[in-house]
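Chemist: Here you go, one structure.
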Amino acid sequence: MPHGRAQAAPFAPTAVHAGGAQPPGLAGAVLVATVAALEGDNRTAGQAFGDAARLDPSRPNLLRQAFLYSALAGDGTASQLAAQLPGQAMAELVMGDDAVLAGRWAEAKAHYGRAPQDAMLAMLRPLLEAWSLAGDGQVDAALSVLAPWTGAHATGEGGLGGYYAIHAALIAEAAGQRQRADALYRTALALSPGHDVFTTRALGHWLVGQGRRDEAVRLADRLIDALPGLSLARDGIVASFGRPPATTPRQGLAQAYFFLSALIGQEAARLADPSGRPVREEGMRDVQMLLLRFALALDHGFGQGRLMLSSLQSDAGQPALARDTIDQAAPDDPLSTIIRLQQARLDAATDHSADAQQILTRLAREYPDQPQIWQMLGNLYSGRQDWNAAIAAFDRAVAVSGHLAGDGWTLLFERAVAYDRSGRWPQAQADLQRALDLAPNEAMLLNYLGYSLVERSQDLPKAEALLRRAVAIAPGDAAIRDSLGWALVRQGRIADGLGLLEGAAEQTPEDPAVNYHLGVAYWQSGRPREAVSQWHMAELLPGEASDAQKIRAALADAARSGHEEPPPGQQIGQKKD
C-alpha cells in the first residue's frame, strides 16, 4: 500500500507495495511503518521499515524506506543503514557527513563525489567538495573548485555567483589568507549585496573589518526592508558582524545544506494552486527536512536551520516535535529573538498558553515597537476568548506598524474577528473592508465579510457579490459555497441556493452551521422531513453557541407546525425582530 507521500521530488520516499505472499511478521511491520509514515511519525516508520527489511532482505525498497524515514527523524540508525546503500544520493551524503564528523576529510570528499548528479546536487557539490578540501588543509584546491562558480552563475536573475564567492572568502579567511579573502568578499558584495541572513552576516563582518561599519548596518537594514519578518532579529544580526558566519568546515557545510533546502522551499512557493497560495508538496518538504537534518548534524545549534526545520514540522502538524527542535538552538544565535517568538507560537499551539504569554510579554517589554509580538499576543488572547485584551494588543500592533501594506491585512482581519466576537460589528466591518483593500483576492476575507453581512441581513446583494468572488477564487472550499448558498436562500432564491448547500453538506457532513442552512433550504422548499433530519443531525454536532440556539429554535418551530410548514408570518431561517 502506498504511504501517501508524493513522488515528484528527488529523494522522496517511495511507495511500498504489499503484493505477493509475505510472512505475517513482515506484513505487520509494513503496516506499522505505513501508518506511522501517514501520521508523520518518522522515527517509528524508520524502525518498522527497518524491521521489515531484516525480515525480507530481498526487497531493497524496504531498506531505502528505513533509511529515509530514520534520516527524517534525525535517528542515528540512518548512518548504519546508509552503509548498505552505496550509490544512493542521500546515503552517500550521510556517509560523507559521518566522515566529516570523524575528521576523515578525504573519505568525506569521496562520498560526496559518489552521490549521483542531478540539478540540485550540481549546486551543492562544489560547496561540499570545497569545504572537504579545506578541512583537509588543501585551501588552494578548495578555492580552485569554487573559482568557476563565482562567475559562471553570477549573471541573470537568481545568480548565485556571490553566494559561492562568500564561501570561498570564508575558506580563505579561516586559512589566514586575508588578501584573497578580501578580494573574494569584494566580488561577493558586487554580485550579491546581502539578500539573505548568511550573505548579510558574511559581508557585514567583512565591512566592519574594513572600518565600514555604517555600510554594514545599512546592509542589515536593507535585508530587514526586504524581509520584514526578520525585524525582530535586526540587533542580533548587527551584533553578529563581529565574527564570520562560518569559521569551520562543518559550519560551512551546514550552511550549504541550509542553502539548498531554502532553494527548494522557494521553488515550492513558486508553485501555486488556483487561488494563488503556495503549494506545500510533501515530497519537496521531505527533501528540505532531510537537508536540514544534515545541516544540524554538522552544526547542532544552527539557529536558522532549526527555525526552518521547526516551521516545516509545525506545518506538518507536529508542534511538539517542532518545539523540541527549536529548543536546541544556540542561546547566542543571531536570530535568538525570532527563535523565542517561534517558541511562544509553538507553546500556544500545544496548549501551553501561559508559557507563550510569558515569552511574549517579556519580548514586548524588550521590543515594544515590534508589531509581530503584539499581534501574537492578540492571537493568544483571542484563543482564550478574551476579546478586550485581544483588541488592545491588536490596537498596539496596528499603532506600531505605521502604514499597513501587504500581509498587514492579516492583522486587520484578526482584529476584526475580535471586534465581531465582542459585539462591535461597525468596527469589525471597517477593519474587514480595510483588509480587503490590501488583499482584494483573499477568499477568506471575502467569505467572512460576505457571510457576516448575510447573518445580519445587511446589504445582501453586496454580500452575494463578495461571496461569488470568493467562490471564483476558491471553488473547492465547502464553507464558501455554503456561505453563497445561504446568501441566496436568505434572498428567497431557494432553488439557486439549494444545490450549493447540498454540495457543501456532502463535503463537510459534520458542520452544524452547514446542516442548519441546508435544513432551512429544505424547509422552504416544502421538504420538512429532510429539513428536520438535517437539524437533528446538526444538533448532535459540536459548534458555536449561536448556531446551537438557531438549531433548537428551528426544531421547536417545526414541532409546533407539525413538521409541515413554518409558523404563520415567519419563515424558518429569517431573523426575528
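Chemist: Report, to the nearest whole %, how much of the accessible area of the chain belongs to carbon and sulfur atoms, 1.4 Å probe, protein only.
Modeler: 52
Chemist: Can you give the FRET efficiency for T248 and R212, using 1/(1 + (r/R0)^6), R0 = 25 Å, r = Cβ-Cβ distance, to the nearest 0.05?
Modeler: Efficiency, from the Cβ-Cβ distance: 0.45.
Chemist: Apply the Karplus parameterisation 6.51 cos²θ - 1.76 cosθ + 1.60, with θ equal to phi minus 60°, to every residue of segment 515-532 and state each ³J(HN,Hα) to the nearest whole Hz, in sequence, with x for glycine and proline.
Modeler: Those phi angles translate into 4, 4, 4, 5, x, 4, 4, 4, 4, 6, 8, x, 10, x, 4, 5, 5, 5 Hz.
Chemist: Give me the number: length gained by fully extending S533 to D332, i.e. 0.36 nm times residue separation minus the C-alpha to C-alpha distance, one decimal in nm.
Modeler: 66.3 nm
Chemist: Treating the angle as unsigned and between 0 and 90°, give the value, to the nearest 10°, between the Cα long axis of helix 197-209 and the longest Cα principal axis of the chain.
Modeler: Relative to the chain, helix 197-209 is tipped by roughly 50 degrees.
Chemist: Right, another one. By how many degrees, 0 to 90 and rounded to 10, does the Cα axis of helix 119-135 deviate from the longest principal axis of the chain?
Modeler: 40
Chemist: Then there is this: Output the Kirkwood hydrodynamic radius of the chain, Cα pairs only, in Å rounded to one decimal.
Modeler: Working: mean 1/r = 0.0367 Å⁻¹.
It is 27.2 Å.
Chemist: Taking the Cβ of E173 as the center, what net charge do the other residues with Cβ under 14 Å away carry, scoring Lys and Arg +1 and Asp and Glu -1? Don't skip to the answer; put the middle values down first.
Modeler: On the way: positive: R178, R180, R186, R201, R243; negative: D182.
Residues near E173 contribute +4 overall.
Chemist: Something else about it: Measure nothing but the geometry: give the 0 to 90° angle between the long axis through the Cα atoms of 336-349 and the longest principal axis through the Cα atoms of the chain, rounded to 10°.
Modeler: The angle comes out near 40 degrees.
Chemist: Measure off 7 Å from each Cα along the Cα-to-Cβ vector at H300 and T508, then give the distance between these two points in nanometres to one decimal.
Modeler: The answer from the label model is 4.6 nm.
Chemist: With a 1.4 Å probe and every protein chain left in place, work out the accessible area per residue of segment 61-171 in Å², rounded to a whole number. Please report the intermediate quantities before stating the final value.
Modeler: Working: 3920 Å² over 111 residues.
Averaged over the residues of segment 61-171, the accessible area is 35 Å².
Chemist: Mind running the shape call on segment 322-376? Use the C-alpha gyration tensor, a ≥ b ≥ c as the square roots of the eigenvalues: rounded below 1.5 for a/c, prolate if a/b tops b/c, oblate otherwise.
Modeler: oblate
Chemist: Still on this structure, please answer the following. If I model a spin label at V35 and Q549 as a point 7 Å from the Cα along the Cα→Cβ vector, what separation in nanometres do I get?
Modeler: Spacing of the two 7 Å Cα→Cβ label points: 4.4 nm.
Chemist: What does the net charge come to around G519 if you take all other residues with beta carbon closer than 13 Å to its beta carbon, with K and R at +1 and D and E at -1?
Modeler: -3
Chemist: Local charge sum around T247 (other residues, Cβ-Cβ under 13 Å, Lys/Arg +1, Asp/Glu -1)?
Modeler: My count for the surroundings of T247 gives +1.
Chemist: Leaving out ligands and nucleic acids, and using a 1.4 Å probe, what accessible area per residue does segment 281-351 come to in Å²?
Modeler: Averaged over the residues of segment 281-351, the accessible area is 33 Å².
Chemist: In addition: Need one word for segment 190-248: rounded, prolate or oblate. Basis is the Cα gyration tensor (sqrt eigenvalues a ≥ b ≥ c); a/c below 1.5 gives rounded, then a/b vs b/c decides.
Modeler: Rounded shape, in that the Cα axes give a/c under 1.5.
Chemist: Next question, about the same structure. With labels modelled as points extended 7 Å from the Cα through the Cβ direction, what inter-label distance (nm, one decimal) is found for S58 paired with Q491?
Modeler: About 6.7 nm, to one decimal.
Chemist: Accessible area per residue for segment 398-480 in Å², computed with a 1.4 Å probe and the full protein assembly in place, what is it?
Modeler: Per residue, segment 398-480 has 43 Å² of solvent-accessible surface.
Chemist: Is the C-alpha gyration tensor of segment 421-487 telling us rounded, prolate or oblate? Criteria: a/c under 1.5 is rounded; beyond that, a/b larger than b/c is prolate, otherwise oblate.
Modeler: Oblate, since a/c reaches 1.5 and b/c is not below a/b.
The values are calculated or read from the model by the stated rules, or taken from the named source; none is laboratory data. It should be emphasised that the depicted structure is a prediction, and the values quoted were computed from it without experimental measurement. With ideal geometry, Cβ positions are generated from the backbone for all residues, glycine too; neighbour counts draw on all protein chains shown. The accessibility values were calculated without ligands, DNA or RNA, using every heavy atom of the protein model including side chains. Shrake-Rupley method; radii C 1.70, N 1.55, O 1.52, S 1.80 Å.
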